[in-house]
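The values are calculated or read from the model by the stated rules, or taken from the named source; none is laboratory data. Computed from a prediction, not measured in an experiment: that's the story for all the values here. Here the Cβ positions follow ideal geometry from the backbone for every residue, glycine too, while neighbour counts run over all protein chains shown.
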Amino acid sequence: MKIKLAKNHKEALLQDIQAYFETQRAESIGELAADHLLVFMIERLAPVIYNEAIKDCQKVILEQTQRLEDELYALEKPVDRR
């Protein structure tokens, strides 16, 4: 799955990765290493996150469809059977 990040988002993420390594691991990594880590994480995480988002969307659509069916049923008029 190929994801193209906007330049400003990618730069911010690279800075976040570098800051994480500095604060959490007391290590310095350069922009190239941070970029490689970002690409690796996107390649691994994107399909998982995408699939979870699809599941969430399916759930919402099913709930909305059920609600719509209930509302349509409530609009039905009784039929006089004489």
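Here are a few things to note about the model shown:
- Condition met for L13 (surrounded by 12 or more Cβ atoms within 10 Å (Cβ to Cβ), assigned to a helix (DSSP H, G or I) and at pLDDT 95 or above): yes
- Selection within segment 18-68 - over 19 Å from K2 (Cβ atoms) and aromatic (F, W, Y): Y20, F21
- First in segment 22-51 and assigned to a helix (DSSP H, G or I), second anywhere and among the small types (G, A, S) and surrounded by 13 or more Cβ atoms within 10 Å (Cβ to Cβ), Cβ under 7 Å, 6 or more apart: none
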